[in-house]
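The values are calculated or read from the model by the stated rules, or taken from the named source; none is laboratory data. Computed from a prediction, not measured in an experiment: that's the story for all the values here. Positions of Cβ are backbone-derived with ideal geometry, glycine not excepted, and every protein chain shown enters the neighbour counts.
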Amino acid sequence: MNRFLPLLALSLVLTGCSGLFPAPQTDPTRYYVLTGPVAAAAAPGELRVGIRRVELAAYLKSPDLIVRRGANELVLQDFARWGEPIDAGVGRLLQASLTAAGGVGRVYLQPFPLDQERDCDVAVTILRCEGGTDRLAHFAATIEITRPADGKLMARRSFAAPDAAWDGRDFGQLAALLSDDVAALGGEIAAALPAAAH
């Protein structure tokens, strides 16, 4: 009987200690991606386009979705995160958008295939891609289109999407609004591409 007393004592101690540890919590983090509208592809063209670079303003290089409070304060959302780097998501959507554009035959992402020539390269810098405490989604970028053979600048544009209403809480809605902005950026790029392959 005495040999069971230590086991009984240990069992009582462990049972009493269970109240010292908090119950496990579910992770409240949610992950979001940019998604594009399913658009009917235009008749394939001959233009071969390379997406040379999608660059982000330094403050956007965070896995957290960002909400801007006023002109200078940024609030990173610990529990609302991008499921992929923003530059990768933007590049993926732009590739799909330009592939569906009229006159475009192929769209390549970096690293470019060595055996494929390109008629023009696109470089994009994302300047804004966030929600605001003003309950609006904000997106802005610059676009440069160059000729791969010699790097000659063919077009340069600034793009600012119209601010879209956001409820300030639903980050899925914010991701959808920013996705629409990237699709509009793709339309802006398509309009600036040369009319035909050179």
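Points worth noting:
- Residue, modelled with the highest pLDDT, within segment 69-99, restricted to residues that are assigned to a loop (DSSP other than H, G, I, E, B) and over 24 Å from Gly187 (Cα atoms): Gly83
- Evaluating Asp167 against the criteria (1) surrounded by fewer than 19 Cβ atoms within 10 Å (Cβ to Cβ); (2) of a type outside the set (A, V, I, L, M); (3) under 15 Å from Gly89 (Cα atoms) leaves one unmet condition, (3).
- Taken together, the residues in segment 67-112 that are surrounded by 13 or more Cβ atoms within 10 Å (Cβ to Cβ) and charged (D, E, K, R) amount to 6.
- Among the conditions (1) within 23 Å of Ala58 (Cα to Cα); (2) free of Cβ contacts under 8 Å to residues at least 12 places away in the same chain, Leu153 misses just one, which is (1).
- In segment 127-144, the residues that are crowded, with 21+ Cβ neighbours inside 10 Å and either among the hydrophobic types (A, V, I, L, M, F, W, C) or within 27 Å of Glu46 (Cβ to Cβ) (or both): Cys129, Ala137, Phe139, Ala141
- Residues in segment 105-116 that are hydrophobic (A, V, I, L, M, F, W, C), in contact (Cβ under 8 Å) with a residue 40 or more places away in the chain and part of a loop (DSSP other than H, G, I, E, B): 1 in all.
- Every residue from segment 22-34 that is in contact (Cβ under 8 Å) with a residue 24 or more places away in the chain and out of contact with any Gly (no Cβ under 9 Å at 6 or more places or on another chain): Pro28, Thr29
- Taking segment 147-198 as the range and being of a type in the set (A, V, I, L, M, F, W, C) and on the phi > 0 side of the Ramachandran plot as the test, no residue passes.
- Some residue of segment 114-125 being surrounded by 20 or more Cβ atoms within 10 Å (Cβ to Cβ), in contact with a Phe, Trp or Tyr (Cβ under 7 Å, 6 or more places away or on another chain) and either among the β-branched types (Val, Ile, Thr) or under 19 Å from Trp82 (Cβ atoms) (or both): no
- Hits in segment 33-66 (condition: surrounded by fewer than 20 Cβ atoms within 10 Å (Cβ to Cβ), within 19 Å of Trp82 (Cα to Cα) and at pLDDT 85 or above): Val33, Thr35, Glu55, Leu56, Ala57, Ala58, Tyr59, Leu60, Lys61, Ser62, Pro63, Asp64
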